[in-house]
Amino acid sequence: MILAADPQAVEQAAQALRDGHLVGMPTETVYGLAADASSDAAVAQIFLAKGRPANHPLIVHVAGVAQVPLFAAQVPAFAHSLMAAFWPGPLTLILPRQAGVATASAGGQDSVGLRCPVHPVAQALLQACLRRGVLGLSAPSANRFGRVSPTTAAHVQAELGPALLVLDGGECEVGIESSIIDCSRGQPVLLRPGQITRAQIQAACGLALLDPDSLAQAAPRASGTLASHYAPRAKVRLMSATDIAAKLQALGPHANNLGLWSAQKPDAGAGVLWRQQPETAKPAAHMLFSVLRELDALGVQQIWVQCPPDTPDWEGVRDRLQRAAA
Ligand code: TXA
Ligand code: MG
């Protein structure tokens, strides 16, 4: 059931969460499938609904910095700087976890992922939850495990069925999931790139940002970091603009059941469904998952995607495309 996110619907959703049910929640990145982070039974339903392995930890969403000590055991100074710079917003911090809190959500890790979303409906929902004693909301992306993240309420319903209460907060502005920075190792480690660039992160905390593979000890499990993830049914192929043009020319009228997301309109027939790829990273991220979903739903066998520029602002989009194509 999709509800327009007016104040009454937000209260209804908060009460459902208080009562141990799941709610589809809009955020600025992608829609989340939320449950009371402190209820292991409610969180267990998330794993069930998504078909997600129980040892893949979930992000806990909080209303503000004030809630951080409820979940995190220590917060290094550089993590405070990151929160000051980017919260509320599309940034998740991994911090040492308070013993005994959000246990099911943490999926066996002794850390906790915390994020304070900026979307007004997410904020209103978190505040309404706080008033009911719900201190945080565990919420992975509201898709079935391994599939494309939802960026509209209708996507959530298509993934998880009509029985789920989904608050409709419109299209997600960012369109790709939050940047995840591990702050539990003394230095910031980028586990998942998002809209915020490396340079912005380093400038905000004054430290070099490390990559997980540069660490001696294996990084914690993150399903968004599996090689094959964010996959539509159609096969995704990443190609240069030159290769796309050459391959389309070679196929000629035999180019069929093909989706194409590229900057230039191709010289091709009706068998090629073209969607224009924006020339800058932000609008491209905004439409990435919905364009994959739309072309997939139209039944194409392959989706050819023009490989985005190899510049820092495109890192989040490149990362998702590489996983979709893996
Ligand atoms: O933008 C987002 O982050 C969205 C919206 C709904 O907030 N959420 C999201 O959640 O992308 P999910 O579960 O699809 O991805 C969360 C990622 C996973 O890769 C998970 O493994 C990682 O965060 N994660 C969560 N807690 C962690 C922890 N304690 N240690 C390491 N990774 C963690
Ligand atoms: Mg996900």
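Does residue 250 meet the test of being more than 28 Å from residue 287 (Cα to Cα), open to solvent by 70 Å² or more (accessible area, probe 1.4 Å) and either at pLDDT 95 or above or assigned by TED's automatic domain parsing to the domain that holds residue 266 (or both)?
Yes: the conditions hold for residue 250.
With the structure loaded, tell me whether residue 184 is open to solvent by less than 10 Å² (accessible area, probe 1.4 Å) and among the polar types (S, T, N, Q) or whether it fails that test.
no
Quick check: anything in the stretch 153-173 within 10 Å of ligand 1 (Cβ to nearest atom), open to solvent by 20 Å² or more (accessible area, probe 1.4 Å), of a type outside the set (Gly, Ala, Ser) and touching a residue at least 40 places away in the same chain (Cβ under 8 Å)?
So far as the stretch 153-173 goes, no, none of its residues is within 10 Å of ligand 1 (Cβ to nearest atom), open to solvent by 20 Å² or more (accessible area, probe 1.4 Å), of a type outside the set (Gly, Ala, Ser) and touching a residue at least 40 places away in the same chain (Cβ under 8 Å).
Could you check the stretch 8-97 for helices (runs of 4 or more DSSP H) lying wholly inside it with 3 or more residues that are open to solvent by 10 Å² or more (accessible area, probe 1.4 Å)?
Those helices (runs of 4 or more DSSP H) span 40-50, 77-86.
Quick one: how many residues across the stretch 116-143 are within 21 Å of residue 49 (Cα to Cα), within 11 Å of ligand 1 (Cβ to nearest atom) and not in a helix (DSSP H, G or I)?
So the answer is 7.
Can you list the helices (runs of 4 or more DSSP H) lying wholly within the stretch 223-326 that have 1 or more residues being touching a helix residue (DSSP H, G or I) at 6+ places or on another chain (Cβ under 8 Å)?
Because the criterion is at least 1 residues that are touching a helix residue (DSSP H, G or I) at 6+ places or on another chain (Cβ under 8 Å), the helices (runs of 4 or more DSSP H) in the stretch 223-326 that meet it are 281-297, 315-325.
Determine whether residue 54 is within 21 Å of residue 148 (Cα to Cα), hydrophobic (A, V, I, L, M, F, W, C), within 16 Å of ligand 2 (Cβ to nearest atom) and at pLDDT below 95.
yes
The values are calculated or read from the model by the stated rules, or taken from the named source; none is laboratory data. On a predicted model such as this, the values are computed, not experimentally measured, just so you know. Neighbour counts run over all protein chains shown; Cβ positions are idealised from the backbone, glycine included. Accessible surface is based on the protein model in full, side chains and every heavy atom, while ligands, DNA and RNA are left aside. Shrake-Rupley method; radii C 1.70, N 1.55, O 1.52, S 1.80 Å.
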